[in-house]
Amino acid sequence: MNLTEVDCTPFFNEMGPRDRTRERIVLQLTEHTYFPDGETRTGWLPKVSRAFGALASLSNGRLERGTVCIIGCGPALDGILAVELLRPGHLVLTDLHEDVVATGKNNVRRNCLDLTATRIDGYVSDLCEALLRQQIKADLIYENLPNLATSGDLNVEEGALSASFFAISEVQGKIIPPEYSRHMLGLHYRCLREARECLRPGGEIISCIGARIPQSIIIRMFQDLGYKPTFVVVDLVEQFEAEKVLAEYARVERETPDLEFMFYDLAEGRERLRELEQRGVGLERLADAMADLGIGFNAQAAAQRHSMGRHVAVVGLVIRGERS
Ligand SMILES: C[S@@+](CC[C@H](N)C(=O)[O-])C[C@H]1O[C@@H](n2cnc3c(N)ncnc32)[C@H](O)[C@@H]1O
């Protein structure tokens, strides 16, 4: 197995004082591991860090020593964040490949200081299948799964693509309401449905979903599946692997009547989102309020802008679903 290393210390240094992670944070990656350059600056990880920080206080210490499961852990930087910020007694990492899971588990072990109070398990697992098999009951399940199904020539096992694409077989034959599959929410829907069986009473799920579609549809999906959704972080997330990802969203737009996805210029979007927040727009309708501003563009225009060297982004939602 070929391993490469990436130093994430600057990202961790921005968190302020830390007491459960090493001074230097270095991740090892395999060719199956997702970790685009820039992820810790303009991607999801800064939002996940803020969300875990907020959750630690919102949960009144319930997560401390509890069971936290990460579905689709990739390099498990989120696992390291969980150890630092949530302090679980049991951390469960899952992904689709043996080498991704093994490297993710090793990344947590080598970058955390004292794990005597935290048991770490890793499983190769399609979504929550391992939790069901091992009868693990979680206090928190976290997912940041891909949106785009592919049956074609893209190799989803290639680390960079595994962030955005999944094999169509992962949703084939599963019952997913057309409203959610049409809006590219199929894998999130499946995960939320399975997670219900694996959460302790009072447990919760955290989902990271790009609001390329109306926020109201995402809220409805959580409610349909028996969760009370609230928004922990809403912020611009850069679209990585943009060439392939935007081409696919653009293809779906061309082939699906009345369907358009929403993208923004990264810098402009950030500024306008802050203005909306300052005007008191609540997190539960911030993405839709952004869409109403008329500064967004569809995937076909986003692909063109990207080809001219612009940084394209989506409004990223970190959603907390409390099991009702
Ligand atoms: C966007 S990456 C997220 C990585 C990491 N959790 C993070 O937030 O940085 C999505 C991950 O989900 C994994 N994945 C895709 N389909 C999955 C499935 N059905 N079950 C488990 N993991 C899956 C991919 O292999 C990939 O590592």
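The values are calculated or read from the model by the stated rules, or taken from the named source; none is laboratory data. Owing to the predicted nature of the structure, the values given are computational and were not obtained by experimental measurement. Ideal geometry is used to build each Cβ from the backbone, glycine not excepted, and the neighbour counts take in all protein chains shown. Keep in mind that these areas ignore ligands, DNA and RNA; they rest on the heavy atoms of the full protein, side chains included. Shrake-Rupley method; radii C 1.70, N 1.55, O 1.52, S 1.80 Å.
Cα centroids of the stretch 8-44 and the stretch 207-266: 25 Å apart. Compactness ratio for the stretch 142-274: Cα radius of gyration over 2.2 N^0.38 Å (N = residue count) comes to 1.08.
Can you send over the carbon and sulfur percentage of the accessible area for the chain, probe radius 1.4 Å, protein chains only? Carbon with sulfur: 46 percent of the solvent-accessible area. In the elastic network of the chain, a GNM with C-alpha springs shorter than 10 Å, the most mobile of 258, 99, 37 is 258. Compactness of the stretch 44-109 was expressed as the Cα radius of gyration divided by 2.2 N^0.38 Å, which yields 1.07.
Per the Kirkwood formula applied to alpha carbons, the stretch 79-132 shows a radius of gyration over Rh ratio, Rg over Rh, of 0.96. For the stretch 231-316, a crude dipole built from +1 on the beta carbon of Lys and Arg and -1 on the beta carbon of Asp and Glu, taken about the Cα centre, is about 180 debye to the nearest 20.
Counting only residues at least eight positions apart within a chain, or on another chain, there are no lysines with an alpha carbon under 22 Å from that of residue 174. In the chain, a dipole from Cβ-located charges (positive for Lys and Arg, negative for Asp and Glu) runs towards its positive end, and of 205, 309, 6 it is 205 whose Cα lies farthest in that direction.
Give me log10 I(q)/I(0) at q = 0.14 Å⁻¹ for the chain, Debye formula, one equal scatterer per alpha-carbon, no solvent. Ignoring solvent entirely, the Cα scatterers give -1.12. Considering helices alone, the calculated mean residue ellipticity of the chain at 222 nm is -11000 deg cm²/dmol, with DSSP H runs of length four and up weighted by -39500 (n - 2.57) and normalised per residue.
Cut-off under 19 Å on the C-alpha distance; same-chain residues fewer than 8 positions from residue 244 excluded. Which aspartates and glutamates are left, in chain and number order? Cross-link targets: 31, 37, 39, 153, 157, 158, 253, 255, 260, 265.
Proximity of backbone amide H atoms, modeled 1.01 Å from N, is registered between residue 22 and 112, 113 at under 5 Å, excluding neighbours fewer than 5 places apart on the same chain. Using a probe of 1.4 angstrom and keeping all protein chains present, the accessible surface of the chain works out to 43 square angstrom per residue. Charges were assigned to the Cβ only: +1 to each Lys and Arg, -1 to each Asp and Glu. The resulting dipole of the chain about its Cα centre is roughly 1020 debye.
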